[in-house]
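The values are calculated or read from the model by the stated rules, or taken from the named source; none is laboratory data. Worth saying up front: this structure is predicted, and the values here are computed from it rather than measured. Quick reminder, even Gly has a Cβ in these numbers, built from the backbone with ideal geometry, and neighbours come from all protein chains shown.
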Amino acid sequence: MNLIQTSPAFEIEVNTDNQNGIFTNNQKISLFAKINNNTETKSRGKLTWTIETDEKRILRETNTKFQIDAGQNKLHHCPNINITKAGFYRFGCTYQYKDQSCSHVTTIGYNPDSIHISLTREKDFDSFWGRALAQLKSIDPEYKITLQPNKSSQKRDTYLIEMKSVDNLTVRGWLETPRKEGTYPALLRLPGYESAMWPVNERNDMIIFSFNPREHGNSDKAPGSPQGLWVRGLDKNENYYYRGVYLDTIRAMNYLASRHDVDTQQIAVWGSSQGGGLSFVTAAFDQRVRYCIADIPFLCNWNKYFKTTHWDEIDMWIDQKPETRNWSKMLKTLSYFDTINLAKKIKAETLMRVGLQDPVCPPATCFATYNQIKSEKSWIVYQDYGHYLGEHWQNGFDWLKRRFQL
């Protein structure tokens, strides 16, 4: 009888005993690879350790002969390396045997609180946003509030909220309020890229506004051709997609803070990915925000972002009009919407949570914005997580409840 092997012949995993993968000045950077031989024969080959920056610039590469018995699990420690610059680093290990190989890479951080970057604010940055905010203020929001009986419960009412924003668009969201009269702490929830916000349906001790800016959920479509949202209008800052989105979220916060049942001393904003970046933005533009949770935030440090990620949408956008479009002009437009240039305005207590292995919003970009914040703040790094924090959703509510004294 022939047995079918369902697992790979060899497996390798790079890891560290450090609790969250973040090292500081007084800690030795120590990683190891666990190699599994799932075959019935002894293997001899070559083990290669590669240490790179998060921009994939090789700092060190070492090779050593390696052998592993049949069915054996074996550890091999990474050679020592002296890292002195704050940032994030990739440690990879590859086992080569005959004409095959297996490999694994993990990211670690070193003194991320000390990452220093140069701001990219243009001279007219403040006047640009001053004009934008004045335009928003000139538009009557025409708030429309509609009870949703099928989404309400015995202890909580749910409403569809509609309001006008710039570009003559209507943006919408779902408001949940406790039925018991009184004033309550309030939370503005903001969505990830192309995601939709829906009612939470589980909290009766706070007011929650789950808001959809333009082109998200039940809100109006945004102007521009049907290409990726983040390249719409990118030729000019006045026409850029995120100008409208930022103003939409400010309008949503204005609505929430205007309600008679909201305790304006206890207002929070929370989002993940794009929503994390929008949380930074909302807290920067509206000082009524007392607490800010930014999970795996997008919209941070564009210069670094494009050195640590790659998106075909950007290449395609430049190729459409190569005579007028280039990286320099694009980054200049994006600088008006980079949260690193807004973060110093944040007065809210801020919690940032990131996945150390995140390839979509690399942690170095997140910390670039975080380190500009001057108010009380804290961060949590999840060592094995990428662009998703999963079950840690409840931990965010627990953090808020303690501050709301619920």
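As a summary of the residue check, Thr41 satisfies the conditions (1) part of a loop (DSSP other than H, G, I, E, B); (2) among the β-branched types (Val, Ile, Thr); (3) over 30 Å from Tyr305 (Cβ atoms); (4) in contact with a Phe, Trp or Tyr (Cβ under 9 Å, 6 or more places away or on another chain) except for the one numbered (4). For Ile296, the conditions (1) at negative phi; (2) touching a residue at least 60 places away in the same chain (Cβ under 8 Å) are fulfilled apart from (1). Trp174 passes every criterion in (1) assigned by TED's automatic domain parsing to the domain that holds Pro362; (2) in contact (Cβ under 8 Å) with a residue 60 or more places away in the chain apart from (2). Just one residue in the set Glu181, Glu194, Glu215, Glu142 is acidic (Asp, Glu), out of contact with any Phe, Trp or Tyr (no Cβ under 9 Å at 6 or more places or on another chain) and under 30 Å from Arg325 (Cβ atoms); that residue is Glu194. Restricting attention to the range 225-276 and to residues that are among the β-branched types (Val, Ile, Thr) and under 24 Å from Ile208 (Cα atoms), the residue that is surrounded by the most Cβ atoms within 10 Å (Cβ to Cβ) turns out to be Val269.
Report, by residue number, each residue of the range 138-162 that is surrounded by 12 or more Cβ atoms within 10 Å (Cβ to Cβ) and not in a strand (DSSP E or B). Matches in the range 138-162: Ile139, Pro141, Tyr143, Gln148, Lys151, Ser152, Ser153. Residue count for the range 35-60 satisfying the condition of being over 22 Å from Asp17 (Cα atoms) and among the acidic types (Asp, Glu): 2. Filtering the range 182-197 to residues that are surrounded by fewer than 23 Cβ atoms within 10 Å (Cβ to Cβ) and in contact with a helix residue (DSSP H, G or I) (Cβ under 9 Å, 6 or more places away or on another chain) leaves Tyr184, Gly192, Tyr193, Glu194, Ser195.
Looking across the range 232-244, the residues that are touching a residue at least 40 places away in the same chain (Cβ under 8 Å) and either within 18 Å of the chain's Cα centre (by Cα) or in a loop (DSSP other than H, G, I, E, B) (or both) come down to Leu234, Asp235, Lys236, Tyr240, Tyr242. The conditions of being surrounded by fewer than 23 Cβ atoms within 10 Å (Cβ to Cβ) and under 12 Å from the mean Cα position of the chain (by Cα) are met by Val360. For beta carbons closer than 6 Å, sequence separation of 6+ or different chains, a first residue in the range 104-132 that is more than 13 Å from Phe337 (Cα to Cα) and assigned to a helix (DSSP H, G or I) and a second that is at pLDDT 95 or above and not charged (D, E, K, R), the qualifying pairs are Pro112/Phe367; Ser114/Ala86. Screening Lys34, Lys74, Lys42, Lys46 for residues that are in contact (Cβ under 8 Å) with a residue 24 or more places away in the chain and within 21 Å of Gly109 (Cα to Cα) leaves exactly one candidate, Lys34. Of the residues making up the range 178-197, those that are of a type outside the set (D, E, K, R), assigned to a loop (DSSP other than H, G, I, E, B) and under 30 Å from Val231 (Cα atoms) number 6.
Results for (1) at pLDDT 95 or above; (2) within 20 Å of the chain's Cα centre (by Cα); (3) closer than 14 Å to Trp174 by Cα; (4) not in a loop (DSSP other than H, G, I, E, B), shown as yes or no for each residue.
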{"residue": "Glu202", "(1), (2), (3), (4)": "no, no, yes, no"}
{"residue": "Ser210", "(1), (2), (3), (4)": "yes, yes, yes, yes"}
{"residue": "His216", "(1), (2), (3), (4)": "yes, yes, yes, no"}
{"residue": "Ser219", "(1), (2), (3), (4)": "yes, no, yes, no"}
{"residue": "Tyr246", "(1), (2), (3), (4)": "yes, yes, no, yes"}
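Going through (1) closer than 21 Å to Arg121 by Cβ; (2) surrounded by fewer than 15 Cβ atoms within 10 Å (Cβ to Cβ) one by one, Ser335 falls short only on (2).
On the stretch given as the range 248-286, residues that are assigned to a strand (DSSP E or B) and among the aliphatic types (A, V, I, L, M) total 4.
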